[in-house]
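A short worksheet on the structure shown next.
The values are calculated or read from the model by the stated rules, or taken from the named source; none is laboratory data. Just so we're clear, the structure is a prediction, and the values are computed from it rather than from any experiment. All Cβ positions, even for glycine, are placed from backbone atoms using ideal geometry, and neighbour counts span all protein chains on display. Just the protein is used for accessible areas: all its heavy atoms, side chains included, with ligands, DNA and RNA removed. Shrake-Rupley method; radii C 1.70, N 1.55, O 1.52, S 1.80 Å.
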Amino acid sequence: MILCFGLLRPYKGIETLLEAFAQVPGAELWIVGNPRMEVEPLRALAARASGRVRFLTRFVEDAEIPAIFRRADLVVLPYLDAEHSGVLYTGLAFGKPLVLSAVGGFPEVAATGAARLVPPGDATALAATLSELVGDGEARADLAAAAARAAAGPFSWDEAARRTLDLYRELIEARQ
């Protein structure tokens with residue numbers, strides 16, 4: 001199952017994802033999150049994918065998140081524009097292979113080997129990447145292992161705290 005998770009907003013490229021997904025054989029797509037945009041046009045695009053698209057368009061309780069992410073074989077964030085995303089770090093925390101648009105800080109995460117990058121708004125590239133990964137369990141496993149390493153290393157809470165403290169020390173020293 002391919003998972004697109006989080007608030008449904010226009011900048012998240014869900015239309016591009018649905019256009020791409022119509023070209024991906026042998027997969028199921030879940031679009032999960034509270035809508036902040038019209039959902040009917042998304043459902044119309046999803047109809048071209050022969051019923052393989054499932055929508056859960058409501059607020060998702062924290063207690064539900066682990067089951068949803070554990071079910072996912074792949075997490076996709078086809079954003080048109082963004083700096084970072086909490087969903088990205090949730091995917092890392094669950095050790096999920098990621099497909100990300102090359103926006104904001106996403107390439108930094110992809111550089112760890114945890115994600116494949118596609119150009120934002122490019123349905124053809126997204127379809128090719130999703131199709132490849134749906135059919136290649138070994139590639140997904142490699143991405144998942146890198147995601148788990150990234151979550152335990154450079155993107156861990158411990159590392160974020162260490163870097164924050166280092167910055168504070170540097171700022172204090174600069175004032176003295």
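Go ahead and estimate [θ] at 222 nm for the chain from helices alone: -39,500 (n - 2.57) per DSSP H run with n ≥ 4, summed, over the residue count, rounded to 500.
-14000 deg cm²/dmol
Give me the percent of the accessible area of the range 28-109 that comes from carbon and sulfur atoms, probe 1.4 Å, all protein chains in place.
Percent of accessible area from carbon and sulfur atoms in the range 28-109: 52.
When the dipole is taken about the Cα centre of the range 136-176, and only Lys, Arg (+1) and Asp, Glu (-1) are charged at their Cβ, what size is it in debye, to the nearest 20?
Computed charge dipole of the range 136-176: roughly 220 debye.
Ignoring ligands, DNA and RNA, what accessible area per residue does the chain give at 1.4 Å, in Å²?
So the chain comes to 51 Å² accessible per residue, rounded to a whole number.
Give me, ordered by chain and number, the residues 5 or more places off ALA82 or on other chains with an amide H under 5 Å from its own placed amide H.
GLY104
Calculate the dipole size of the range 1-88 relative to its Cα centre from +1 charges on Lys and Arg beta carbons and -1 charges on Asp and Glu beta carbons; express the result in debye to the nearest 20.
With Lys and Arg at +1 and Asp and Glu at -1, about 220 debye.
What is the extension gain from ALA128 to ARG71, computed as 0.36 nm multiplied by their sequence separation minus the C-alpha to C-alpha distance, in nm to one decimal?
Using 0.36 nm per residue and subtracting the Cα-Cα distance, I get 18.3 nm.
Each residue of the range 62-68 in order: what ³J(HN,Hα) in whole Hz does its phi give by Karplus 6.51 cos²θ - 1.76 cosθ + 1.60, θ = phi - 60°, with x for Gly and Pro?
Whole-Hz 3J(HN,Hα) from phi for the range 62-68: 3, 5, 7, 4, x, 5, 5.
Under a plain spin-label model, where a point goes 7 Å from the Cα along Cα-to-Cβ, how far apart in nm are HIS84 and TYR168?
1.7 nm
Quick one: which residues, 5 or more positions from VAL99 or on another chain, have an amide H under 5 Å from its amide H? H modelled 1.01 Å from N in the peptide plane, none for Pro or chain starts.
Those qualifying (amide H under 5 Å, at least 5 residues apart or on another chain) are VAL75, VAL76, LEU77, ARG116.
If you stretched the chain out fully between ARG43 and ASP136, how much longer would it get, using 0.36 nm times the residue separation minus the C-alpha to C-alpha distance?
30.7 nm
So how strong a dipole does the chain carry about its Cα centre when Lys and Arg Cβ are +1 and Asp and Glu Cβ are -1, to the nearest 20 debye?
Dipole of the chain, to the nearest 20 debye: 300 debye.
Output wanted: per-residue J couplings in Hz (rounded whole) for the range 118-132, from phi through Karplus 6.51 cos²θ - 1.76 cosθ + 1.60, θ = phi - 60°, x for Gly and Pro.
In residue order, the calculated couplings are 10, x, x, x, 9, 5, 5, 5, 5, 4, 5, 5, 4, 4, 4 Hz.
Could you pull out every residue, at least 5 positions away or on a different chain, whose amide H is within less than 5 Å of the one on VAL60? Hs are placed 1.01 Å off N in the peptide plane, and Pro or chain starts have none.
Sorted by chain and number, the residues that satisfy this are ASN34.
If the range 15-140 were replaced by its equivalent ellipsoid, with semi-axes equal to the square roots of 5 times the Cα gyration tensor eigenvalues, what would those be, largest first, whole Å?
20, 18, 15
Of the peptides 10-18, 28-36, how do they stack up when ordered by the mean number of other Cβ atoms within 10 Å, highest first?
Listed from highest to lowest mean packing, they are 10-18, 28-36.
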